[in-house]
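J.: Right, I'll just put the structure down here and ask away after.
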Amino acid sequence: MRGFNRAIIAGNLTRDPDVRTTVNKKSYARFAVAVNYRYKDQNGELKDNVDYINVVVWGPMAETCGKYLRKGSGVLLEGRIQTSSYDAKDGSGKKYMTEINADNIQFLGSGQQQSTGTTPSGAVNANNNANGDGDDFGKSIDESGFSNTPPPEAMSDIDNLPGGMFPF
């Protein structure tokens, strides 16, 4: 059986992207995205929490992220989850790191909207609503931290998802 590894997250950068170049002159950027969520505790009270997801981006997309993204910028990204290991310099043994290797990033929030990644140029940005006047999705992320409401263009595909899965 062939596996499937795809992650989609929306949130805000916790720090400016750290853009570097490998010895082979390939650019990459690392940053973390804060993803807010709510849950009910044992007493039935709503609690807010946040996950911090590490992200790595490669090539020209890394340079674009370094140029336009800053701490607090809203992003919708997708990629594959990867785990790597390394030996700790202090001799404490092997360390593991899990991150999303992003191949598609859409910049969310106020101002000029940018999109990078593997989607064709002219692709619809996740925060453009049917009227093209800005956004339902991006504002809710900027103003309240996170929205579990998908963008309007995603609503038409909900009935076609297997087993009632919801992509957001």
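Every number in this text was worked out from the coordinates using simple rules, so none of it is lab data. Computed from a predicted structure; not experimentally measured. Ideal geometry is used to build each Cβ from the backbone, glycine not excepted, and the neighbour counts take in all protein chains shown.
J.: Would you check the range 7-120 for Lys pairs whose C-alpha atoms are within less than 30 Å, ignoring same-chain pairs closer than 8 in sequence, and give me the count?
T.: Lysine pairs meeting the criterion: 14.
J.: Which of the chymotrypsin sites (Phe, Trp or Tyr not before Pro) found in the range 1-40 are in a DSSP loop and have at most 12 neighbouring Cβ atoms, other than their own, within 10 Å? Could the numbers behind the result be given before it?
T.: Details: sites: Phe4, Tyr28, Phe31, Tyr37, Tyr39; in loops: Phe4.
Hits after loop and neighbour filter: Phe4.
J.: I've got another one for you. Just to confirm the filter: which trypsin sites (Lys or Arg not before Pro) across the range 1-102 are DSSP coil and have at most 14 other Cβ within 10 angstrom of their Cβ? Could you put the intermediate results ahead of the total?
T.: On the way: sites: Arg2, Arg6, Arg15, Arg20, Lys25, Lys26, Arg30, Arg38, Lys40, Lys47, Lys67, Arg70, Lys71, Arg80, Lys89, Lys94, Lys95; in loops: Arg2, Arg6, Arg15, Lys25, Lys26, Arg70, Lys71, Lys89.
Taking the range 1-102 and a limit of 14 other Cβ atoms within 10 Å, the loop trypsin sites (Lys or Arg not before Pro) found are Arg2, Arg6, Arg15, Lys25, Lys26, Arg70, Lys71, Lys89.
J.: Nearest-5 percent of antiparallel DSSP beta bridges in the range 7-120?
T.: 95
J.: Then there's this: Work through the residues other than Ala102 whose Cβ is under 10 Å from its Cβ and net out their charges, Lys, Arg +1 and Asp, Glu -1.
T.: Net of charged neighbours comes to -2.
J.: Can you put Thr14, Thr21 in order, fewest other beta carbons within 10 Å first?
T.: Thr21, Thr14
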